[in-house]
């Protein structure tokens with residue numbers, strides 16, 4: 001188990017990222033303050049090209065966590081847990097996704 005934390009200034013606020021690297025899976029917490037309003041998981045299966053997703057905590061109407069988890073699971077081929085605790089805005093989520101991917105490329109051994 002290893003923990004990696006980083007922050008990025010995105011538009012008008014500082015967003016904090018915390019990643020727990022476990023054997024075969026990654027847990028991403030993303031937010032501006034200490035809260036856990038949702039948690040989704042995604043994993044690749046042999047039955048579909050796109051990873052399967054499920055929301056473990058929070059409302060299924062908020063698809064930001066599941067969408068990000070699905071994209072990261074496809075990219076990493078690992079089981080991905082995501083707790084996305086920010087506004088539901090597609091353009092903002094794109095900035096968050098870019099920050100995560102940039103960090104994965106800059107510090108690959110933490111992922």
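The numbers here are math on the coordinates, done by the rules we state, and not lab data. The model shown is predicted, which means the values in this text are computed figures rather than measured ones. All Cβ positions, glycine included, derive from the backbone under ideal geometry; neighbour counts span all protein chains shown.
Apart from one condition, residue 64 fits all of (1) touching a residue at least 12 places away in the same chain (Cβ under 8 Å); (2) exposed (fewer than 15 other Cβ atoms within 10 Å of the Cβ); (3) under 15 Å from the mean Cα position of the chain (by Cα); the exception is (2).
Residues that are farther than 16 Å from residue 16 by Cβ and surrounded by fewer than 18 Cβ atoms within 10 Å (Cβ to Cβ) within segment 35-52 comprise 45, 46, 47, 48, 49, 50, 52, listed in sequence order.
Every condition in (1) in contact (Cβ under 8 Å) with a residue 60 or more places away in the chain; (2) touching a strand residue (DSSP E or B) at 6+ places or on another chain (Cβ under 7 Å); (3) surrounded by fewer than 17 Cβ atoms within 10 Å (Cβ to Cβ) is met by residue 86 except one, and the failing one is (3). Looking at 67, 45, just one residue is part of a loop (DSSP other than H, G, I, E, B) and either in contact with a strand residue (DSSP E or B) (Cβ under 6 Å, 6 or more places away or on another chain) or on the phi < 0 side of the Ramachandran plot (or both), and that residue is 45. Collect the residues in segment 50-64 that are out of contact with any helix residue (DSSP H, G or I) (no Cβ under 8 Å at 6 or more places or on another chain), farther than 17 Å from residue 93 by Cα and not in a strand (DSSP E or B), keeping them in residue-number order. 59, the sole residue that qualifies. Considering only segment 7-41, state which residues are touching a strand residue (DSSP E or B) at 6+ places or on another chain (Cβ under 9 Å) and farther than 15 Å from residue 84 by Cα. Within segment 7-41, 9, 21, 22, 24, 25 meet the criteria.
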